[in-house]
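Written below as structure tokens is the structure these notes are about.
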């Protein structure tokens, strides 16, 4: 990505779950005329507030937010649609004389915005049926191991139980002569979002930092359950009788485990253990994505998420970026 082109600026703040992105985004909003574009696959859904750590009404009133509460949980929101929506919003925000600030942790959304969607083959019903049958016999972790042999980079981003994405990855590899997904995406040009990006990432640089992040994850998850995460999922099931675990919204971390609890598959203690493990795995995958982004694109600046002066450091970096326009 060319950071020297005479294009309007946009800020990007990516980081793992529980690293403090919302508070930092609002701190930037106090320093700059920005509008926030959520880069989060769960925040798009209405009624999913507790388990997504959705910005509060007061926080959203402090700065314009976009791509939050735009769909019911029974509808699917894709990376391709995000790229279209974000590109349109970035242009509209710039036209209003403000700076787009993209904030979140759904790394596939951001990669799609920057690199575009590859024109890949559609679903192959016969192949999918064969993969489903193998998963029933051996489990999705078994298929994840195969994916790790064929495409280690993609496998590193996926939870071994993420049936939908493991299936699609194996399907695409089979349909494209064994090519890994990175090679398939590299063949296509990115969409023209028309901005130069100030790329900021919240880093977890060592084991001590990871331990602190895990503590934050656990504390936030405990707060979510105290606030009524299970009750929120129960209310969604009542409000949307057609809602099922097959809907993308209910595959989000926390919601998937709460659904299983309501189905009688686990007790409250096991529910929390499952949700905690899944959230930690999510953070691990997000950090893997961030490392891969740095390898693919120049211009990233990392900030240790533990820094006491983090709001000031981010603001100073963003100000310097604007000055180089």
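The values are calculated or read from the model by the stated rules, or taken from the named source; none is laboratory data. All of these numbers come straight from a predicted model, not from anything done at the bench. All Cβ positions, even for glycine, are placed from backbone atoms using ideal geometry, and neighbour counts span all protein chains on display.
Return a yes/no flag: does the stretch 24-40 have any residue that is surrounded by fewer than 19 Cβ atoms within 10 Å (Cβ to Cβ) and more than 23 Å from residue 303 (Cβ to Cβ).
no
Given the criterion more than 17 Å from residue 110 (Cα to Cα) and either touching a helix residue (DSSP H, G or I) at 6+ places or on another chain (Cβ under 8 Å) or without any contact (Cβ under 8 Å) to a residue 24 or more places away in the chain (or both), identify the matching residue among 88, 60.
Criteria check complete, one pass: 60.
Does residue 86 fit the bill of being under 26 Å from residue 226 (Cα atoms), in the same structural domain as residue 256 (by TED's automatic domain parsing) and crowded, with 20+ Cβ neighbours inside 10 Å?
no
Go through (1) assigned to a helix (DSSP H, G or I); (2) over 14 Å from the mean Cα position of the chain (by Cα); (3) under 30 Å from residue 244 (Cβ atoms) one by one and return the number of the condition residue 80 breaks.
Status for residue 80: all satisfied but (2).
Is one or more of the residues making up the stretch 32-39 under 11 Å from the mean Cα position of the chain (by Cα) and modelled with pLDDT of 95 or more?
yes
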